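The values are calculated or read from the model by the stated rules, or taken from the named source; none is laboratory data. Note that the structure is predicted; figures quoted are calculated from it, not measured. Glycine also receives a Cβ, built like all others from the backbone with ideal geometry; neighbour counts cover every protein chain displayed.
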Amino acid sequence: MAHDEIVDHHSALARNALSGERIAQLHAGETVLDLGSGDGIDVLLSARRVGPHGTVFGLDARPAMVELAQRNAEQAGVANAQFLHGTIEAIPLPGHTVDVVIANCVINLSDDKAAVPAEAFRVLRPGGRFGVSDVVTAQGLDEQARPRAEQRIGHAAGSLTVQEYRDLLVAAGFVAVTITLTADHGDGVHSAIVQAVKPAIGPGLEIRPMREGDAAEVLAIYQAGLDTGQASFETTAPIWEGFTASRLPHLRYVATDSDSGEVLGWVAASAVSSRPVYAGVVEHSIYVHPGCQAHGIGRALLGAFIAAAEDAGVWTIQSGVFPENAASLALHQGLGFRVVGTRERIGCHRGLWRDVLMIERRSTLTGV
């Protein structure tokens with residue numbers, strides 16, 4: 001069946017947008033989910049791109065469209081496409097199921113926009129990609145501009161600003177977020193390409209934002225690190241209120257066991273100064289459960305933190321490391337940190353005056 005024979009019920013705006021399968025640059029063998037798949041044309045295009053060893057799911061809330069898409073797939077002879085009935089706010093798939101989530105001008109139509117990236121994050125495997133086209137506004141539309149834009153192009157009534165879209169993706173746990181404005185529809189309304197990545201980590205693990213409910217496990221890992229005598233001048237982990245008050249509310253991540261949800265490591269940041277000139281400079285701490293330090297968790301956590309920090313406009317990440325903590329020093333140097341100096345005998349720790357190596361990483365993307 002030729003592509004132009006497939007019945008198409010998407011709006012003209014959606015059809016003119018860059019398709020999700022092109023945005024996400026699909027590869028053979030990948031598993032893909034198309035949100036709001038409609039008549040299934042993007043699913044069929046994606047299915048051909050991922051090949052016979054890949055799978056593409058199409059999700060739509062309208063039973064009639066699911067049936068139409070199934071017929072189109074059958075007539076096109078596409079066997080690696082599956083169509084699901086459900087909503088984009090409650091995706092009917094298990095977690096860690098797909099490699100890529102795509103969509104074409106549908107997320108802006110959702111009544112619960114925060115739920116959509118959260119669900120996309122849940123069903124993606126670590127390292128998975130989010131690549132959609134959508135409608136955004138450069139800034140909030142006023143009462144006169146929004147109906148004009150809606151009448152002219154459709155899809156604008158519930159559109160988010162660029163910053164609101166970015167904030168929802170970051171809150172869900174995505175990093176490497178980019179929003180590229182494409183067509184200008186007037187009144188500050190744009191088509192846009194939205195891309196993001198779920199942090200990569202080894203099998204059976206996941207990196208996500210730190211939550212209030214993680215407090216006990218985070219502090220236990222913190223204390224275990226302090227007990228080694230090589231992590232910090234501190235000897236006792238603070239209570240949660242002290243921990244959270246001294247750290248930025250964003251740029252906090254945990255690595256967890258995918259099955260049990262157990263926290264296996266964490267990373268967080270503190271501001272180095274309240275002066276505006278240091279707005280893009282943070283100091284970070286990273287701790288991994290003592291029984292899990294050979295599993296690449298620290299490297300994955302630090303990599304996710306760096307990507308998130310650059311998304312947030314941070315141009316310098318710094319910290320202090322005891323010279324004896326060779327593992328921490330190697331971890332940081334492997335991800336672009338350098339030693340900028342030694343603070344000799346800067347503090348007394350357990351009766352000994354100790355040196356601290358000052359390390360920092362300067363971004364090549366932010367502040368250049």
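Overview of results
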{"item": "Residue match in segment 72-86 (condition: out of contact with any Phe, Trp or Tyr (no Cβ under 6 Å at 6 or more places or on another chain), free of Cβ contacts under 8 Å to residues at least 24 places away in the same chain and among the hydrophobic types (A, V, I, L, M, F, W, C))", "result": "no"}
{"item": "Subset of segment 219-249 that is in contact (Cβ under 8 Å) with a residue 40 or more places away in the chain and aromatic (Phe, Trp, Tyr) - its residue that is farthest from Arg350 (Cα to Cα)", "result": "Tyr222"}
{"item": "Failed item, numbered, when Val272 is tested on (1) touching a helix residue (DSSP H, G or I) at 6+ places or on another chain (Cβ under 9 Å); (2) over 23 Å from Arg122 (Cα atoms); (3) buried (at least 16 other Cβ atoms within 10 Å of the Cβ)", "result": "(3)"}
{"item": "Count of residues meeting criterion [closer than 23 Å to Asp355 by Cα and crowded, with 17+ Cβ neighbours inside 10 Å] in segment 231-249", "result": "3"}
{"item": "One residue from Gly29, Gly58 being at pLDDT 95 or above and either surrounded by fewer than 24 Cβ atoms within 10 Å (Cβ to Cβ) or over 26 Å from the mean Cα position of the chain (by Cα) (or both)", "result": "Gly29"}
{"item": "Any hit, segment 66-88, residues being β-branched (Val, Ile, Thr), farther than 24 Å from Ala192 by Cα and in the same structural domain as Ala28 (by TED's automatic domain parsing)", "result": "yes"}
{"item": "Residue in segment 236-262 that is nearest to Asp214 (Cα to Cα), counting only those that are part of a loop (DSSP other than H, G, I, E, B) and among the small types (Gly, Ala, Ser)", "result": "Gly261"}
{"item": "Residue check, Gly303 under 19 Å from Phe174 (Cβ atoms), touching a residue at least 60 places away in the same chain (Cβ under 8 Å) and surrounded by 15 or more Cβ atoms within 10 Å (Cβ to Cβ)", "result": "yes"}
{"item": "Test: residue in segment 309-327 that is under 19 Å from the mean Cα position of the chain (by Cα) and β-branched (Val, Ile, Thr)", "result": "yes"}
